[in-house]
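Below is one structure, written out as structure tokens; comments come after it.
The values are calculated or read from the model by the stated rules, or taken from the named source; none is laboratory data. Every value quoted in this text rests on a predicted model; they were computed, and no experiment measured them. Cβ sites come from the backbone with ideal geometry, for glycine too, and all protein chains shown count toward neighbours. Please note that ligands, DNA and RNA were not included when accessible areas were found on the heavy atoms of the full protein model with its side chains. Shrake-Rupley method; radii C 1.70, N 1.55, O 1.52, S 1.80 Å.
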Amino acid sequence: MPEHRTCWNPEIETMALEDLRAMQTSKLRRQLAYLADRSPFYERKFAESGFDPTAARSIEDLRRLPFTEKQELRDSQIVSPPLGRHAAADLVDVIRVHSSSGTTGRPSYVGITRADSARWTEVISRVYWCEGVRPEDVLIHGFGLGFFVGGLPLKDGIEQVGATFVPIGTGASDRLLSAIEHLGGTVLTCTPSYASYLAEYVRDHFGKEPSELGIRRILLGAEPGGAIPAVRRRIEAAYGAFVTEGLGNADVCPVYAGTCDQRDGNHFLAADQIVLELIDPDSGEVRKWEDGAEGELVATHIERDCVPLVRFRTRDRVVVAVSSCPCGRTGPRIRCVGRTDDMLIVAGVNVWPSAVSDVVGNLHPRTTGAVQILLMAPPPKVEPPLRLQVEYGSEAIDLEALKRELEQVIRDKLVVRAEVELVPPGTLPRFEMKSQPLKHVYDNASAPAG
Ligand SMILES: [Zn+2]
């Protein structure tokens, strides 16, 4: 196998932080001036804040500007279709429109110009290279290809890296498996729930172990599962593959952070296009980037023509690490612990569905790892106990003892009282796209649309 460089773009990916800051500051000033000129939405927001964005002297000056909420983008597109009052490019210059997945309500549309597309391609190339994809690889793509930013934009980046891109999409497991076999697939990229689903599918329908497929790497994304240790270990064991994950956001950049082989969080690899802030999600106060700091990610584009955002609240809750990484990349590492929208509050304690999945998955093979949280009232507040349905696994002998043990570990690790109902393997729903660990059982009519 030929030798390759470690980073796709060593100049940016290993740049000293002071140099990065200087570059970000000058790009930020240019971007804010562009917005004041081109985006009625931001022109008004800037005026209301009383801060003249052209006076920005450093990226810290961002704090003087208000946040942008997802709902504002939706409203802006309703008032001023198609791309909204925040869009700063003329439609004639827009070459493609994507949609950010509407988990609740109307989706928002994301337009890109030719230059925006090239910027995405560059960052996606850095991420896929960071995650070990090389020109020799045959990459099987198992994300949705229509509208979703995990489709065509990833194709552009993967092709730029030089790997062989095989577009399968979702809902075509037989086709995907035969493509792996006929084309000699070496890398699979998909959601964690799909990787888990496919592993069971291979065993049930082909009587084979997933490890016989010959996949050497699996790149997960689009939901937090890839960061859940128990989920990752299970996928890794099933396929005998090296598992990493990428982090992105449809409104910001399809994927802007990826795991290097050290696997200590996802390196932020788009510092020349985006400024990330870490904030206290309740007070909105900015937090310092230091090892172990937790908060919500807030993103500002500093090089974007169409639908650029300033201080956009991503709703992603993350833990960060800034200490140096042996791979040489200087971008801080980000680990997503969940979406603010998914967080539950059980008797005042914050509980992430991903943390529940981790606890349940750690008891594999006495559990299958599948779990469903039953919500008896609209979230986020949950009246204890937290009601869970957990699938017992092939090696569960004493179900009563397993139930007690699960309730005890949840109390110890998550500090909440749980009521576990054990159900037979294979009875909980499997999701090919995104996992849906929350089941709204109080009144289906009032539950948010999935
Ligand atoms: Zn690294």
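Couple of notes before you dig in:
- Complete set of residues in segment 306-333 that are away from the ligand (no atom under 13 Å from the Cβ), within 19 Å of G221 (Cβ to Cβ) and charged (D, E, K, R): R315, D316, R317
- Candidates are the residues of segment 150-194 that are closer than 30 Å to G338 by Cβ, touching an Asp or Glu at 6+ places or on another chain (Cβ under 7 Å) and among the polar types (S, T, N, Q); the one that is surrounded by the fewest Cβ atoms within 10 Å (Cβ to Cβ) is T170.
- Hits in segment 358-388 - residues which are touching a residue at least 40 places away in the same chain (Cβ under 8 Å), open to solvent by 20 Å² or more (accessible area, probe 1.4 Å) and not hydrophobic (A, V, I, L, M, F, W, C): D358, N362, H364, T368, P378, P379
- E136 acidic (D, E), within 24 Å of Q262 (Cα to Cα) and touching a residue at least 60 places away in the same chain (Cβ under 8 Å): yes
- Output for segment 136-149, where each listed residue is crowded, with 20+ Cβ neighbours inside 10 Å and among the β-branched types (V, I, T): I140, V149
- Residue check for P353: more than 28 Å from L220 (Cα to Cα) and open to solvent by less than 60 Å² (accessible area, probe 1.4 Å): no
- Only one entry in Y201, Y197 is open to solvent by 10 Å² or more (accessible area, probe 1.4 Å), among the aromatic types (F, W, Y), out of contact with any helix residue (DSSP H, G or I) (no Cβ under 6 Å at 6 or more places or on another chain) and closer than 14 Å to G142 by Cβ, namely Y197.
- Under the condition of being within 15 Å of the ligand (Cβ to nearest atom), over 17 Å from L188 (Cα atoms) and open to solvent by 10 Å² or more (accessible area, probe 1.4 Å), the residues counted in segment 232-268 number 5.
- For segment 334-345, the condition holds for at least one residue, the condition being that it is within 14 Å of the ligand (Cβ to nearest atom), surrounded by 19 or more Cβ atoms within 10 Å (Cβ to Cβ), modelled with pLDDT of 95 or more and closer than 21 Å to R21 by Cα.
- Exactly one residue out of E223, E285 is on the phi < 0 side of the Ramachandran plot, away from the ligand (no atom under 16 Å from the Cβ) and surrounded by fewer than 16 Cβ atoms within 10 Å (Cβ to Cβ), and it is E285.
- Selection of segment 138-169 for residues being aromatic (F, W, Y) and more than 17 Å from H98 (Cα to Cα) yields only F165.
- Out of R329, R315, sole residue that is touching a residue at least 60 places away in the same chain (Cβ under 8 Å) and crowded, with 21+ Cβ neighbours inside 10 Å: R329
- In the set (1) more than 23 Å from the chain's Cα centre (by Cα); (2) outside any helix (DSSP H, G or I), the condition left unmet by G144 is number (1).
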